[in-house]
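What follows is one structure encoded as structure tokens, with my remarks underneath.
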Amino acid sequence: MNREEPISNIILQRIDTASSITLVAHIRPDGDAIGSVLGFGSALQAYGKPVSMAFEETLPQRFRYLNIENEPAINGDENIIIALDCADQPRMAKSFTDKHIDINIDHHATNTQFATLNYVNDKAAATAEIIFDLLQEWSMPIPVSAANALLMGIITDTIGFRTPNTTAHTLRVAAQLMEKGAQLTDTYQRALTDVSWEASLLWSYALSKLQKEENIIYTVITCEDREKSGYAGRDDADLTNFLSSIQDAEISILFNQQGENACKVSWRSRSEVNVATIAAQFGGGGHPAAAGAEIGLSLQKTQQDVLRATKNYLKKIHN
Ligand SMILES: [Mn+2]
């Protein structure tokens, strides 16, 4: 192996020598994780590779329109595993957390470089953006199905090109995906702005508990809220992004109860405050403006601990 050879070349060689490829993303996959797996998978299929897209849970309703054909799981010596949009291995889908990972493609600054070949670019707005660049570099076919999936990944991770990590390059990638046939308006509507009745009810229950303490705005989704609303997913129905749009918040926090002693916490920052640092105190991580953690405590205790830590962190920053 030539030491000077770019890592992207080595990854392509590994793909070329593999007889089949398994693509996997993180648990509770978001739009970028799903768009990256489906987009890369569809492109690799067009390139002639048997691909298994290993989602262990049913995809959130809003992403099912992509409807890309998935083959049954492949196991064999020549099969390689590629992790997409995964910052660390414990966050991968369960049956992969102790498997050998061949390739890791991601944009999280906190990526732990857990694979044999790691391609991490924390300047990219989305993993889907990195995948598009690699496909272009490798002169791989990008069918319309792949273009739509990758554009969906970019649109969701940038909340419609609104996050600070959206660059001119991100917009150029989106433009090129449109040239390959991706539908911008349709993707935007389906992946970002359409809301089901059940999700709207869930929002109404959660927003009725909205709180403001100093410049922290927060609220809670309880298991009961989810049941009452009939919302099927265990995700936050995108409420986090709404909280982050409230002007008076420097930081917004959503507590999403998953069980008696399980709570998912999402932080969003509207300022220079790096919420990934706070999330890391609870074993989580993410980006400076958007981070999360899964905490194995009661909702009440989680709320207490997280609010205290967030306030302390803000105090430290502002002093
Ligand atoms: Mn991402």
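We did not get these values from a lab; they are worked out from the coordinates using the rules stated. From a predicted model like this one, the values you see are computed outputs, not experimental measurements. Every residue, glycine among them, receives a Cβ derived from its backbone with ideal geometry; neighbour counts consider all protein chains shown.
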*Take the alpha carbon atoms of segment 266-308, find their center, do the same for segment 229-257, and report the distance between the two centers in whole angstrom.*
13
*asked:* Quick check on the chain: helices-only [θ] at 222 nm, where DSSP H runs of length 4 and up contribute -39,500 (n - 2.57) each and the sum goes over total residues. Nearest 500, please.
replied: -11000 deg cm²/dmol
*In Å, what Rg and Dmax follow from the Cα atoms of segment 7-193?*
14.8, 43
*asked:* Using only the Cα atoms of segment 155-223, what are the Rg and Dmax in Å?
replied: 16.7, 47
*For the chain, fraction of C-alpha pairs farther apart than 28 Å, in %*: 40
_Net charge of Cβ neighbours under 13 Å - reference ARG226; Lys, Arg +1; Asp, Glu -1_ = -3
*Hey, which lysines would be in cross-link range of LYS212, C-alpha to C-alpha under 23 Å, not counting anything within fewer than 8 residues on its own chain?*
LYS264, LYS301, LYS311, LYS315, LYS316
*Return the long-range amide H neighbours of ILE101 (sequence gap of 5 or more, or a different chain), with a cut-off of under 5 Å between placed amide H atoms.*
THR116
*In whole Å, how far is the Cα centre of segment 87-140 from that of segment 1-62?*
9
*Rg/Rh ratio calculated on Cα atoms of segment 197-318 (Kirkwood radius)*: 0.95
*Between LYS315 and LEU210, what is the label-to-label distance in nm when each label sits 7 Å out along the Cα-to-Cβ direction?*
2.8
*Just in segment 217-264: which GluC sites (Glu not before Pro) are loop by DSSP and have at most 13 other Cβ atoms within 10 Å?*
GLU260
_J(HN,Hα) series, segment 137-144, from Karplus relation 6.51 cos²θ - 1.76 cosθ + 1.60, nearest Hz, glycine and proline x_ = 4, 8, 6, 8, x, 10, x, 3
*Who wins for biggest fluctuation among GLY41, GLY283, GLY160 in a Gaussian network model of the chain, springs between alpha carbons below 10 Å?*
GLY283
